[in-house]
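Derivation of every value follows stated rules applied to the coordinates shown; laboratory data play no part. Fair warning: this is a prediction, and the values are worked out from it, not measured in the lab. Neighbour counts run over all protein chains shown; Cβ positions are idealised from the backbone, glycine included.
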Amino acid sequence: MRVLAIVHQDDAGPGVFADAVRAAGHELELWRPDRGEAPPDVADAVMVFGGAMDTVDPLPWLAPEKAYLSDVVERGTPVLGVCLGAQLLAEAAGGSVRRARLPEIGWVEVAVDAGDDPVFGGLPDRLTAFGWHSFEAVPPGQGLALASSETSLQAFRLNGTPQWGIQFHAEVSAADMRSWIENFHTDPDAAGMDPGALLAESEPRLDAWNEFGRALCSRFLAAAAR
């Protein structure tokens, strides 16, 4: 399969999801709309990643990306959106985005209720996930909630489609996580955070979290291939 990764900034790329794509023998192509690159042809599967921007920011490249994603959704192309990517997916399907009750920065307890979903089914009822967001996706009426925290929706599927969104960062690499934490001062909602404490908490969790991320992406790719 040709798998397209839509990336919005240097330290928010496909991370460990790229490992899963390569391990499955698929081709990974990156698109950087923020650099003014032209939209590619629709791929066999699309992964949309995060960024410091919000879906309502007046950025000239957001409109072409939103139009591209609307076409992807309409075609029924398999999609996995992460954080901002999940929010853009929800909007492309007719949903919306809103500010979460509280920002979630760091490790968050997430409850999973996914039944036999091909990507989330079989996961434990609870997991500790790494998040960094102040807004949350509100999928349209046909959206099926798969996981949530006390603060926001954490995972959904557009019902009857191979299209999923996750609010937490299952893709994040060690280098990207370190960059976010070291540059926390660029996010007003991270004011008062202790970066040293978050780094210390994250280091012993990261290997297991990356394995979880690779496995999650592998299940998405398998579902997309079917």
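Quick notes on this structure:
- Phi-derived couplings, Karplus 6.51 cos²θ - 1.76 cosθ + 1.60 at θ = phi - 60°, listed residue by residue for the stretch 210-215: 5, 5, 4, x, 4, 5 Hz, with x used for Gly and Pro.
- Whole-Hz ³J(HN,Hα) from phi, Karplus 6.51 cos²θ - 1.76 cosθ + 1.60, for the stretch 29-39, glycine and proline x: 10, 9, 10, 10, x, 5, 9, x, 5, 5, x
- Size of charge dipole - the stretch 2-225 - debye, nearest 20, with Cβ of Lys, Arg +1 and Asp, Glu -1, no other charges: 400
- Charge context of Gly15, other residues only, Cβ under 14 angstrom, K/R +1, D/E -1: -4
- Under Karplus coefficients 6.51, -1.76 and 1.60, residue-wise ³J(HN,Hα) of the stretch 130-143 in Hz, glycine/proline x: 8, x, 7, 7, 10, 10, 9, 6, 10, x, x, x, 8, x
- Over the residues of the chain, the helix contribution to mean residue ellipticity at 222 nm works out to -10000 deg cm²/dmol, using -39500 (n - 2.57) for each DSSP H run of at least 4.
- Since only Met193, Cys217, His133 are under comparison, the one whose Cα sits farthest along the positive direction of the charge dipole of the chain, derived from C-beta charges on Lys, Arg, Asp and Glu, is Cys217.
- Taking other residues whose beta carbon is less than 12 angstrom from the beta carbon of Leu153, and scoring Lys, Arg as +1 and Asp, Glu as -1, yields -1.
- Projecting the Cα atoms of Val42, Gly165, Met53 onto the dipole axis of the stretch 2-225, where Lys and Arg carry +1 and Asp and Glu carry -1 at the beta carbon, places Val42 farthest toward the positive end.
- Dipole magnitude of the stretch 101-146, debye to nearest 20 (Cβ charges: Lys/Arg +1, Asp/Glu -1, about Cα centre): 140
- Cut-off 18 Å, label 7 Å out along Cα→Cβ of Asp194, residues of the stretch 101-137 by amide N: 105-108
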